Amino acid sequence: MNSIYEQITNTIINQLEQGVVPWCKPWVCNGQILSYATGKQYSLLNRMLLAEPGEYASFLEVQKAGGRIRKGAKASRIYFCKPLVKEFEVEKDGVITKETKINFIFKAYCVFHISSCTDLKPRWQREPKEESENKIDENAERIVQNYIGRENINLTHKAEDIAFFSPSRNMVQLPPINMFKSSNSYYETLFHELGHSTGTPNRLNRFTDAPEPFGSASYSKEELVAEMVASFALAQLGLDTKTTHNSNAAYIKNWLDHIKGNSQLVISAAAKAEKAANFIMGVKTE
């Protein structure tokens, strides 16, 4: 039997091979992929693994609610994932340093989309938000301004063909919103760069002292974290991601190549992205 890492990675690979970027769902649903029982959103990793937006319930939850699972309905597998952090000392050239290793403990569950059940109706649905091109989104701006104010980040707009986060200057730069094909593309780029900004030592400390070279494994992992942060932020805000650049073939092939070579990449990146997205949005987690 394949390891949990391989099972999850293979699910992601299958979606990519079908032209679906699992961290960039092609619909507007206010980020609503929920537990039918509690109304809470699933973790970012589980939201990638679940194929359709809406509410999901376990077999026992369906029974408890008075419903029945339709004959032939297929269950989706989700995972409870808990990081296990171990610190240890390493001696090199007479110098002892502390290093950290993170492993993940998993427990698998099977859930059913409530459309696969009789006598169950959605409990927690909200109306999707319509897209308005090249207009400021008040909810997104509220989150952005709160975050950059709290972290004293300088947000700069310049009419140049570049977007980046500078750790040394604590600055995010990107073109003004009217240079983007849509307002959603603007916010995707903005949250991507804000995602990078969470990696500094005084925040979530993902960065090493030396800059990672373009194309390296560490560089690719950080890019995947930022991509997920952006897509999840847009979903949370109810902004459509189907018009953004993430569905092109070259983009998909790039991530297929990286993910196929590292069965832990998606799981680790999703955990870091969830932490980063919560940090930006001011959500406190245990």
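The values are calculated or read from the model by the stated rules, or taken from the named source; none is laboratory data. Since we're looking at a predicted model, the values are computed, not measured. All Cβ positions, even for glycine, are placed from backbone atoms using ideal geometry, and neighbour counts span all protein chains on display.
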Subset of region 34-65 (residues that are on the phi > 0 side of the Ramachandran plot and of a type in the set (Val, Ile, Thr)): none
Since Ile252 meets every condition but one in (1) buried (at least 16 other Cβ atoms within 10 Å of the Cβ); (2) modelled with pLDDT of 75 or more, which condition does it not meet? (2)
Where the second residue is part of a helix (DSSP H, G or I) and modelled with pLDDT under 75 and the first is within 24 Å of Thr200 (Cα to Cα) and lies in region 225-254, which pairs have Cβ atoms under 8 Å and are six or more apart or on separate chains? Glu227/Asn246; Ser231/Asn246
Can you confirm whether Thr9 is modelled with pLDDT under 90 and of a type in the set (Ser, Thr, Tyr)? yes
Those residues that are farther than 18 Å from Gly195 by Cβ and not in a loop (DSSP other than H, G, I, E, B), I need them from region 174-183; list them, please. Ile177, Asn178, Met179, Ser183
The lone exception for Lys86 - which of (1) under 22 Å from the mean Cα position of the chain (by Cα); (2) modelled with pLDDT under 80; (3) more than 21 Å from Leu34 (Cβ to Cβ); (4) basic (Lys, Arg) it fails: (1)
If we keep only residues of region 154-211 that are in contact with a strand residue (DSSP E or B) (Cβ under 8 Å, 6 or more places away or on another chain) and among the aromatic types (Phe, Trp, Tyr), then the residue surrounded by the most Cβ atoms within 10 Å (Cβ to Cβ) is Tyr186
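Quick grid of which residues meet (1) out of contact with any Lys or Arg (no Cβ under 6 Å at 6 or more places or on another chain); (2) buried (at least 17 other Cβ atoms within 10 Å of the Cβ); (3) of a type in the set (Lys, Arg):
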residue	(1), (2), (3)
Tyr56	yes, yes, no
Arg68	yes, no, yes
Lys71	yes, no, yes
Leu84	yes, no, no
Glu91	yes, no, no
Gly94	yes, no, no
Tyr109	yes, no, no
His113	yes, yes, no
Cys117	yes, yes, no
When you scan region 166-173, do you find a residue that is in the same structural domain as Ala270 (by TED's automatic domain parsing), at pLDDT 90 or above, aliphatic (A, V, I, L, M) and not in a helix (DSSP H, G or I), even just one? yes
